[in-house]
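**Student:** Dropping a structure here in structure tokens format, bear with me for questions.
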Amino acid sequence: MHDAPSQKEMIEAVKAFIDNTAMPSLKGHAAFHARVASNVLATVLREMDIRPEAESEEVQRLTNLLGEAPGQSAAVLNQKLCEQIRSGDISLTTPGLLSHLKTTTISQLSVDQPGYSGLKAR
Amino acid sequence: MLFRVIVAKMGNAEQIQKALTAWAGQFYGPESSLEHVARLSGGASQETWSVDVAAAGKKHELILRRVPGGFQQSARNSEAIGLATEARLLECASGTVPAPKVLGVFSPDSDMGEAFLMNRISGETIARKILRDDAYSFAREKLTAQCGKALAGIHAIPVSELPDLPETPGLAQLDKYEDIYRGFDMPRPVFELAISWLRQNPPPPSPAVLVHGDFRLGNLIVDESGLAAVLDWELAHLGDPREDIAWLCVNSWRFGHSENRVGGFGQLDDLLSAYADAGGQNFSAEEIDWWEILGSLKWGIMCMIMYEAYRSGADPSVERAAIGRRVSETEIDLLNLLEGKA
């Protein structure tokens with residue numbers, strides 16, 4: 001299959017159209033939604049850059065933290081982590097939990113809202 | 001008569017115009033005239049209209065709060081208390097808390113539909129302007145103490161004088177929001193950790209007082225000298241006074257100014273001492289943490305609720321989709337708070 005233009009180029013082209021052509025000619029609610037749409041595409045572009053590596057590291061950490069066999073998906077491992085927190089087997093004082101969750105959340109925010117103030121706090 | 005209406009639905013506007021003219025004739029006298037009526041943006045659950053009435057050479061600037069279309073269609077927001085109760089609360093608050101004065105209340109079977117009129121208070125509600133503009137630099141210095149005093153005033157209103165309100169203590173709110181979260185079947189480990197910590201460390205119960213429920217920038221009118229009015233009482237309930245104090249501290253309501261725990265403009269110790277000086281209980285900063293964690297969790301789940309409107313197809317807008325990517329903001333806030341509890 002071809003990749004010219006690539007996914008990234010196609011999204012960038014649509015984002016440029018929204019930013020430079022559509023948004024200036026829109027007013028009120030539609031202009032607001034155009035800005036949100038542009039932000040969504042920026043989120044997709046960041047996710048394409050960041051997610052593959054961040055998620056494989058997340059899986060590695062979850063596998064170690066839970067003592068699970070390798071080869072399971074992030075979704076399955078996170079489901080297991082949720083169950084163990086809920087049952088009390090894993091808690092705030094479990095070694096490695098907080099640092100894992102912090103690293104994961106910081107990666108997530110660097111995709112979702114890289115300018116969020118909570119990233120700088122403390 | 002100078003009369004202008006800026007609105008999409010003329011039928012709605014004509015109905016409001018007629019009802020306002022009749023009300024003004026009674027309230028200000030037959031010589032009064034309606035000068036200007038305009039729908040204001042914002043306020044998803046209620047209509048808000050700006051109304052000017054001229055009477056005896058004087059202009060009266062008013063705000064009309066009205067149920068959309070004049071009738072309550074359904075339980076849009078199961079927590080909202082209804083406009084008649086909101087008007088009654090403003091009356092209870094007047095004298096002790098800066099708040100608009102209620103001038104008229106309309107019942108659901110009136111020509112107006114369910115609504116009330118109050119005086120319009122000038123000032124700013126947009127948080128980013130209040131936190132940034134030079135015009136509010138003096139106001140920002142005063143605001144923390146003024147909020148402490150206003151909260152103490154709200155919490156001191158005798159419960160026996162209040163209209164019927166739901167009583168929702170912290171753990172009941174945790175139950176409710178946990179149910180909603182589990183209903184989405186989108187597991188989030190940080191939320192699990194917050195829920196489990198909140199359950200294991202419940203605060204000692206405190207006698208129920210009137211809780212405003214949404215006391216934060218956006219719902220406060222601020223002028224050059226500080227707090228001018230407390231608005232949006234529709235989430236009021238009976239509960240724990242620490243809920244209001246902590247909600248003002250939730251990082252989402254600091255609008256980027258994280259270093260100022262109180263609303264992006266003040267320090268918690270200053271708020272708590274102003275609160276106690278004004279007759280409120282003596283709370284320590286540590287006692288606020290449980291409620292701030294609950295507040296961040298609630299806001300995170302509210303963002304999930306808004307995203308669910310997209311996922312379910314109820315609201316296909318890009319804005320509803322995008323808000324799902326704000327849930328992680330509350331996750332980092334929860335981790336920052338929980339880190340201090342490990």
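The values are calculated or read from the model by the stated rules, or taken from the named source; none is laboratory data. Given the structure is predicted, the values throughout are model-derived calculations rather than measurements. Counting neighbours? That spans all protein chains shown, and the Cβs are built from the backbone with ideal geometry, glycine included.
**Student:** List pairs: first in region B:145-167 and under 20 Å from B:R216 (Cβ atoms), second of a type in the set (A, V, I, L, M, F, W, C) and assigned to a loop (DSSP other than H, G, I, E, B), Cβ under 6 Å, 6+ apart or cross-chain?
**Tutor:** B:K149/B:A278; B:A150/B:V97; B:A152/B:A278; B:G153/B:V97; B:I154/B:V97
**Student:** Of a type outside the set (V, I, T), surrounded by fewer than 19 Cβ atoms within 10 Å (Cβ to Cβ) and away from chain A (no Cβ under 12 Å), is that true of B:E292?
**Tutor:** Criteria not met by B:E292.
**Student:** Quick one: would you say A:R86 is modelled with pLDDT under 95 and within 10 Å of chain B (Cβ to nearest Cβ)? It would help to see each step written out before you state the result.
**Tutor:** Numbers: modelled with pLDDT under 95: no; within 10 Å of chain B (Cβ to nearest Cβ): yes.
In short, no.
**Student:** Would you call A:L65 surrounded by fewer than 16 Cβ atoms within 10 Å (Cβ to Cβ) and not basic (K, R)?
**Tutor:** Answer is no for this residue.
**Student:** Among the numbered criteria (1) out of contact with any Phe, Trp or Tyr (no Cβ under 7 Å at 6 or more places or on another chain); (2) in a strand (DSSP E or B), which one does B:V222 miss?
**Tutor:** The failed condition is (1).
**Student:** Would you check if there is a residue in region B:269-278 being assigned to a helix (DSSP H, G or I), more than 17 Å from the chain's Cα centre (by Cα), modelled with pLDDT of 95 or more and of a type in the set (S, T, N, Q)?
**Tutor:** The initial filter retains those residues of region B:269-278 that are assigned to a helix (DSSP H, G or I), namely B:269-277.
Subset that is more than 17 Å from the chain's Cα centre (by Cα): B:269-277.
Filter once more, so that each one left must be modelled with pLDDT of 95 or more: B:269-277.
If we keep only those that are of a type in the set (S, T, N, Q) too, we end up with B:273.
Within region B:269-278, one or more residues are assigned to a helix (DSSP H, G or I), more than 17 Å from the chain's Cα centre (by Cα), modelled with pLDDT of 95 or more and of a type in the set (S, T, N, Q).
**Student:** Restricting to region B:237-264, name every residue that is in a loop (DSSP other than H, G, I, E, B), more than 14 Å from every other protein chain (Cβ to nearest Cβ) and closer than 18 Å to B:T125 by Cβ.
**Tutor:** Of all residues in region B:237-264, those in a loop (DSSP other than H, G, I, E, B) come to B:240, B:248-250, B:255-261, B:263-264.
Filter once more, keeping what is more than 14 Å from every other protein chain (Cβ to nearest Cβ): B:240, B:248.
The answer is B:L248, and nothing else.
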